[in-house]
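Step one of this worksheet: look at the structure below.
The values are calculated or read from the model by the stated rules, or taken from the named source; none is laboratory data. What you see is a predicted model; the values in this text were computed from it and never measured. A quick note on method: Cβ atoms are made from the backbone with ideal geometry, for glycine too, and the neighbour counts reach across all protein chains shown. To get the accessible areas, we keep the full protein, side chains included, count just its heavy atoms, and leave off ligands, DNA and RNA. Shrake-Rupley method; radii C 1.70, N 1.55, O 1.52, S 1.80 Å.
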Amino acid sequence: MAIDTSQFRNGLKVEIDGEPYNMIFFQHVKPGKGGAFVRTKLKNLRTGRVLDRTFRSGVSLQEAGGEERKMQYVYQDGDQLVFMDTESYEQIPFSAEQVGDARTYLQENLDVDVIFWRGKPINIELPAFIQAVVTQTDPGIKGDTASGSTKPATIETG
């Protein structure tokens with residue numbers, strides 16, 4: 001399905017040059033001289049790279065035919081992270097590179113959204129909030145009450 005620049009929104013999944021992208025930022029710009037355009041930031045769903053792209057107003061993009069499935073993180077087997085479909089109980093391994101920095105927040109039995117593109121799993125999306133136990137923090141600085149001071153903490157997953 002073709003999507004016009006007037007239909008751009010955050011979270012929109014589009015296909016550019018045969019690759020799936022997630023739109024993380026867009027801005028319609030109408031300069032005083034010349035035609036309107038849309039400035040965007042797109043995140044590649046397979047590699048995680050961010051791409052800055054500008055489109056003239058009225059340009060159409062192809063919507064990425066991605067599918068999201070609710071899956072549960074089960075265990076880690078060496079370099080592989082195994083996720084299980086909660087409906088069919090099918091298990092799908094991901095490499096640590098595919099999961100990226102999200103693996104530091106994975107806990108057993110955590111429900112995540114796995115994104116499939118053309119029938120293959122390409123990425124995971126963590127929930128907005130997770131519950132974790134703080135295992136270690138540095139002591140706060142005495143007398144630092146005027147500003148909402150923060151300090152580094154280590155959670156149970158490392």
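In the assembled protein chains, PHE8 presents an accessible area of approximately 10 Å² (probe radius 1.4 Å). Spin-label pair ASP77-ASN10: with each label point 7 Å from Cα along the Cα-Cβ axis, the two points sit 3.8 nm from one another. Among GLY32, GLY18, GLY65, the largest mean-square fluctuation in a Gaussian network model of the chain, built with springs joining Cα atoms closer than 10 Å, belongs to GLY32. For ARG9, the accessible surface of its heavy atoms amounts to roughly 120 Å² (probe 1.4 Å, protein chains only, rounded to the nearest 10). Which of the residue pairs LYS70/LYS151; LYS41/LYS151; LYS13/LYS120; LYS70/LYS120 have a Cα-Cα distance greater than 24 Å in the structure shown? Over 24 Å Cα-Cα: LYS70/LYS151; LYS41/LYS151. Computed in the context of the full set of protein chains, the accessible area of the chain at 1.4 Å probe radius has 47% of its extent on carbon or sulfur. When the chain is treated as a Gaussian network with alpha carbon springs shorter than 10 Å, the biggest mean-square fluctuation among VAL99, VAL14, VAL29 belongs to VAL29. Normalised per residue, the accessible area of the chain is 66 Å², obtained with a 1.4 Å probe and no contribution from ligands, DNA or RNA. Is the shape of the stretch 1-46 rounded, prolate or oblate, going by the alpha carbon gyration tensor and its root eigenvalues a ≥ b ≥ c, with a/c under 1.5 for rounded and a/b larger than b/c for prolate? Cα axes put the stretch 1-46 in the prolate bin. Approximating the spin labels as points 7 Å out from Cα along Cα→Cβ, the GLN62-to-GLN131 distance works out to 4.4 nm.
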